[in-house]
Each structure stands twice: as structure tokens, then as C-alpha cells.
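The values are calculated or read from the model by the stated rules, or taken from the named source; none is laboratory data. Everything numeric here is computed off the predicted structure, so don't read it as measured data. FYI the Cβ positions are ideal-geometry reconstructions off the backbone, even for glycines, and counts take in every protein chain you see. Protein only, heavy atoms only, side chains kept; ligands, DNA and RNA dropped before computing areas. Shrake-Rupley method; radii C 1.70, N 1.55, O 1.52, S 1.80 Å.
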Amino acid sequence: MADKTETFAPSAADMETLARAALARIPEPFAAYLADVVLVIEDFADEQTLRDMGMEDPFELTGLYSGRPVGEKDGFMGELPQPDTIHLYRRPLLDEWVETGVSLEALVTHVVVHEVGHHFGLSDDDMHALEDSVG
């Protein structure tokens with residue numbers, strides 16, 4: 001009887017490994033500001049997040065940055081802010097991976113860099129340049 005090998009979709013832990021590798025490739029001076037950013041991998045965004053984003057289909061959202069961009073942190077007074085967080089949504093990422101044929105590593109890197117860009121308040125052009133340097 002032949003050796004049976006089972007293949008499964010990448011898990012949340014697999015996705016986190018890819019995302020952490022992408023974060024580790026972010027160059028200075030950006031990298032110095034990312035030490036406290038929390039990385040969360042979930043299958044889908046919750047209903048409230050989807051409503052806040054004006055989305056009905058949970059497969060539309062592959063990632064989200066929550067927190068205050070770096071340039072808005074100075075002089076903040078009031079209640080303690082929530083930690084800066086990058087959310088990656090596993091199932092929509094897996095669907096996009098299958099639909100586009102782009103490698104999962106490249107797709108996760110793209111979404112991580114995009115969300116890091118929000119952390120720094122970067123323009124889309126700046127995000128593309130950062131992604132090219134992380135590649």
C-alpha cells in the first residue's frame with residue numbers, strides 16, 4: 001500500500017509565521033517602530049468590523065490595521081489607547097491565494113506591508129515602495 005500523505009490549508013500558526021517573516025524584513029527606520037505592534041490571525045473579521053468597514057462579505061477583508069498611526073501618537077491625552085494591531089484574516093487570504101495564483105508568502109507580505117503602511121500613515125505609493133524593499 002502506498003504511503004498516504006495528507007495536505008491541509010495553512011493554519012493560523014502557518015500564516016503567523018509568514019507574517020512575522022514579512023515583518024522581520026521591514027527595513028529601518030520603520031522596523032524600530034514595529035516592536036510593540038500586535039499581530040493577530042483570525043479566520044474572518046468579526047461582524048462589527050465588517051459593518052464599520054462597510055462590507056457585507058467577510059471574504060472582502062484580508063487585513064486591517066487598528067491603532068493610532070505613528071505620527072498621531074505625540075501629545076495624546078485621555079484614555080489609554082489600545083495596542084497597535086495588525087489583523088490578518090486567514091480564510092479571505094487563502095481564497096485570494098487560490099484565485100490569483102500568487103504565492104501565499106507574497107500575498108501575506110503584501111497585506112502585512114499595506115497594514116504597516118497604515119501604522120505609519122503612508123500613501124499608497126509609499127506602501128508600494130516599502131513592499132518593493134521587503135519583497
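Taking the longest Cα principal axis of the chain as reference, the axis of helix 90-100 is set at about 70 degrees.
In order along the stretch 29-40, phi translates into HN-Hα couplings of x, 5, 4, 4, 9, 9, 4, 9, 6, 8, 10, 10 Hz, rounded to whole numbers, per the Karplus curve 6.51 cos²θ - 1.76 cosθ + 1.60 with θ = phi - 60° and x for Gly and Pro. Expressed as a whole percent, the accessible surface of the chain that belongs to carbon and sulfur atoms is 52, based on a 1.4 Å probe.
The distance between label points at D43 and S103 comes to 2.9 nm (points 7 Å beyond Cα on the Cα→Cβ vector). The angle separating the long axis of helix 12-24 from the principal Cα axis of greatest extent in the chain is about 50 degrees. All other residues whose Cβ lies under 12 angstrom from that of I86 are scored, Lys and Arg at +1 and Asp and Glu at -1, for a net of -4.
Scanning residues 5 or more positions from T62 or on other chains, none has an amide H under 5 Å from its amide H, with H placed 1.01 Å from N in the peptide plane. For Kirkwood radius over Cα pairs in Å, the candidate list reads (1) 19.8; (2) 15.6; (3) 16.0; the entry that matches the value derived from this model is (3). Put a plus charge on the Cβ of each Lys and Arg, a minus charge on the Cβ of each Asp and Glu, and nothing anywhere else: the dipole of the chain about its Cα centre is then about 360 debye.
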